[in-house]
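We did not get these values from a lab; they are worked out from the coordinates using the rules stated. In this text the structure is predicted, and so the values were computed from the model without any measurement. Using ideal geometry, Cβ is built from the backbone for each residue, glycine included, and neighbour counts are taken over all protein chains shown.
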Amino acid sequence: MDTTLRDGEQTQGVSFSPEEKVSLAKALLSRLNVDRVEVASARVSKGEQQAVAQINAWAEQNGYGGRVEVLGFVDHRKSVDWIREAGGRVINLL
């Protein structure tokens, strides 16, 4: 599993635009054949949710839907709802 899009962005001075996140997810899955990508943490921002939705839409259309994951939290369904609204199917709980 590659966590560059989520964990890598926690590095000081690193911030991916939504377009960069989509482009990187596409490359990781389709060109580098990474088995799974964790693309975000739930509930970060509306912009992050939109990027996750774009990644999930592309992944579903191209046969990678089950390989996109989002980090969620035990927070009374708030993370689950956020991820579901973004089209997510796989949640990693913290």
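Compute the separation of the alpha-carbon centres of the stretch 46-79 and the stretch 14-40 and state it in Å as a whole number. Centre-to-centre (Cα) distance: 12 Å.
The amide H of VAL90, built 1.01 Å from its N in the peptide plane, has VAL70 as neighbours under 5 Å, considering only residues 5 or more places off or on other chains. Using the Karplus relation 6.51 cos²θ - 1.76 cosθ + 1.60 with θ = phi - 60°, the per-residue 3J(HN,Hα) values for the stretch 30-45 come to 8, 9, 9, 6, 5, 5, 8, 10, 9, 9, 5, 9, 5, 6, 6, 6 Hz, with x marking Gly and Pro. By the count of other C-beta atoms within 10 Å, a proxy for reagent exposure, VAL44, VAL22, VAL37 are ordered fewest to most as VAL44, VAL22, VAL37. Residue order for VAL34, VAL14, fewest other beta carbons within 10 angstrom first, comes to VAL14, VAL34. One compactness figure for the chain is 0.97, namely its Cα radius of gyration divided by 2.2 N^0.38 Å.
Estimated from helices alone, the mean residue ellipticity of the chain at 222 nm is -10500 deg cm²/dmol (sum of -39500 (n - 2.57) over DSSP H runs with n ≥ 4, per residue). Using the Cα coordinates of the stretch 1-43, the gyration tensor eigenvalues translate into equivalent-ellipsoid semi-axes of 17, 11, 9 Å, sorted from longest to shortest.
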